[in-house]
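A.B. asks: Here's a structure for you.
Values in this text are rule-based calculations from the coordinates and carry no lab data. Quick caveat: nothing in here was measured; it's all calculated off a predicted structure. Neighbour counts are summed over all protein chains in view; Cβ atoms, including those assigned to glycine, are modelled from backbone coordinates with ideal geometry.
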Amino acid sequence: MASPAVKKAISEAALQYQKPEGKVFEYGTAGFRMKADLLNTVVFAVGLLAGLRSKKLSGQWIGVMVTASHNPAEDNGVKLVDPMGEMLEAEWETYATKLANAPLDKIADVYDELVKEIDVKMTNPARVVFARDTRASGSRLVGVLNAALTATQVEFIDFKYMTTPQLHYVVRCKNTLGTQYQYGEPSELGYYQKLVDSFKKVMRGVKVQGSLTVDCANGVGGPKLRELIKLLDTPLDIKVINDDVINPDSLNFECGADYVKTKQRAPPSSKAGPLDRCASLDGDADRLVYYFSDESNVFRLLDGDRIATLAASFIGDLARSAGIASKLKIGVVQTAYANGASTDYIEKVLKLPIICTNTGVKHLHHAALRFDVGVYFEANGHGTVTFSENALKAIKNTEPQSPAQQRALECLQALTDLINQAVGDALSDMLLVEAILAHKGWTPKEWLGTYTDLPLAPERKLESPAGLQGKIESLQSRYHKGRSFARASGTEDAVRVYAEAASRSEADDLATRVANAVREAGTDGQQA
Ligand code: G16
């Protein structure tokens, strides 16, 4: 039971805020996300829950990230990070939803009911770390979070501005400190140091060709990438663009990974020449896509599917050279957004098993843990690689019989540090891609040449979803290699329609028909 003093403190603190009338909140794909001015009471509820989650887990550190990632500047959001840097356990999402919807004059009672329902030992310590992206509304929301944590007597550390993956990293470090699984130093500097040291080890004896232009979506990734570059005294020539965090409206505006992926074009601000390597982060730097323009100035995208195939093939080759391939189950996790050609390539050329999950990295992450080496990426560029305990042991304990085997083992070992295994991380993924391209001696054109994507139609956004599966299936069967689906966005007020087919015109046509069908099914949807 919560003490009367804590309940009183919660009630008093909560009454400073006003609950938006008639709004129902739901903890979704990426926590709570909406227009920033609606978020005060939601953030307050998340603060209360973070403390309870920590107490329930005997005082382990829990993370709270204030960000709306790829969404427009006027949105914001909040999500919880579990002790190993993973997304919040699914069962707790319903508790978050319950608290967020509690009337303010009853929130202390709902909190107390949850204490009983979840069976939280209130004498346990509670510890929370939090951070935010660069959105203007972030400081107000962090103030609200602070009020909830103070009312419930939670010990907390404010890490100020961070990328989402940096916060996940810190949470994992905090909870593994002093154990044999210590993940790193729980600080921003510790994060950079781990990336820089491991990158240097992977890069021993190989050179990066050419330069890389990185579009930072005018988000928190910009200043953080600059910090990383300062410490990376290797010949990696990175040109940083779209790193304006002063003008709040520029965030994700005509730039960033989501813009590049959905519009299938480079940000207008990009000045890179033909065949130059380019990459885009999203607003909180957990997504990464690569691209370039070819000799005829045609835009070429290298998205999450491409990063997954690149990483899986490289790690597979290293495992073979290291003589441990037979001990490791390597697999790839994708969603329905994966281009059909990438799925074919993984199955037929790389000969690796694939698991397909629902959208949302939390689903992919859990599926990846079923492999010794689980490579998971959403097509939007959100993903990473996980290594099981068995994989880590095989890499560490195998006695090399030749210099080549030794080098492969060293490289694998360094990759386990370079890759942020807690969560998809654009900065870590970027160094991974750079390292692999350097090892293979590949330009982006050679990377693209590994297989040919099936043409897809750019996503269209409709308001409100509808149960149209039968109709969509009948539509897609009319197109050669046609595949299409519609789903409600978990982060925006929209229905997303995906379509691919053997030719671009067929894909466009299919997308239009499915979008129309969604509209006719009783919605007044609009294309964005
Ligand atoms: C979030 C999730 C991603 C997911 C995306 C889907 O991305 O973290 O795993 O792919 O939402 O968005 P929607 O449901 O709108 O299609 P992020 O980068 O915005 O946090």
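A.B. asks: Over the range 148-216, what is the relative contact order in percent, taking alpha-carbon pairs closer than 8 angstrom and at least six residues apart?
C.D. replies: Dividing the mean separation by the residue count of the range 148-216 yields 18 percent.
A.B. asks: With a sphere of radius 11 Å drawn around the Cβ of LEU328, what net charge do the other residues whose Cβ falls strictly inside it have (Lys, Arg +1; Asp, Glu -1)?
C.D. replies: +3
A.B. asks: Among TYR345, TYR191, which comes first, second and so on when ranked by fewest other beta-carbon atoms within 10 Å?
C.D. replies: Exposure proxy ranking, most exposed first: TYR345, TYR191.
A.B. asks: Here's another thing I want to ask about it. With +1 on each Lys and Arg Cβ and -1 on each Asp and Glu Cβ, and nothing else charged, work out how big the dipole of the range 247-370 is about its Cα centre, in Debye to the nearest 20.
C.D. replies: Value, rounded to 20: 560 debye.
A.B. asks: Here's a follow-up. Find which of GLN264, ALA499, TRP447 sits farthest along the positive direction of the dipole of the chain, computed with +1 on the beta-carbon of Lys and Arg, -1 on that of Asp and Glu, about the Cα centre.
C.D. replies: Farthest along the dipole direction, towards plus: TRP447.
A.B. asks: Just the Cα atoms of the chain: what Rg and Dmax do they give in Å?
C.D. replies: In Å, with Rg to one decimal and Dmax whole: 23.1, 71.
A.B. asks: For the range 201-232 and the range 32-78, what is the separation of their C-alpha centers, rounded to whole Å?
C.D. replies: Measuring centre to centre over Cα atoms gives 29 Å.
A.B. asks: What is the packing order of peptides 39-51, 119-131, taking the mean over residues of other C-beta atoms within 10 Å and listing the highest first?
C.D. replies: 39-51, 119-131
A.B. asks: Which net charge results when you count Lys and Arg as +1 and Asp and Glu as -1 among the other residues whose beta-carbon is under 11 Å from that of PRO353?
C.D. replies: +2
A.B. asks: Could you compute the net charge surrounding GLU410? Neighbours are other residues with a C-beta less than 12 Å from the C-beta of GLU410; K and R count +1, D and E count -1.
C.D. replies: Its environment carries a net charge of +4.
A.B. asks: Moving on to the next point. Once you charge only the Cβ atoms, +1 for Lys and Arg and -1 for Asp and Glu, what is the size of the charge dipole of the chain about its Cα centre, to the nearest 20 debye?
C.D. replies: Using Cβ point charges on Lys, Arg, Asp and Glu, the chain gives about 840 debye.
A.B. asks: Can you give me the C-alpha center-to-center distance between the range 311-374 and the range 1-25, rounded to a whole angstrom?
C.D. replies: If you average the Cα positions of each part, the centres end up 45 Å apart.
A.B. asks: Could you order the peptides 333-343, 211-221 from most to least packed, using the average number of other C-beta atoms within 10 Å per residue?
C.D. replies: 211-221, 333-343
A.B. asks: Tell me what the chain gives for mean residue ellipticity at 222 nm when only DSSP H runs of n ≥ 4 count, each as -39,500 (n - 2.57), the sum divided by the residue total, rounded to 500 deg cm²/dmol.
C.D. replies: -12500 deg cm²/dmol
A.B. asks: Which listed residue (ALA136, ASN146, PRO103) has the Cα farthest towards the positive end of the charge dipole for the range 103-173, taking +1 on Lys and Arg C-beta and -1 on Asp and Glu C-beta about the Cα centre?
C.D. replies: Going by the Cα projections, it comes out as ALA136.
A.B. asks: Nearest 20 debye, what's the magnitude of the dipole of the range 159-250 about its Cα centre given +1 on Lys and Arg Cβ and -1 on Asp and Glu Cβ?
C.D. replies: Rounded to the nearest 20 debye, it is 440 debye.
A.B. asks: Over the Cα atoms of the range 222-299, compute the convex hull volume and normalise it per residue, giving Å³.
C.D. replies: Measuring per residue, one finds 93 Å³ for the Cα hull of the range 222-299.
A.B. asks: Once the cut-off is 13 Å, how many percent of the Cα-Cα pairs in the range 395-448 end up in the long-distance tail?
C.D. replies: Every Cα pair in the range 395-448 considered, those over 13 Å come to 66 percent.
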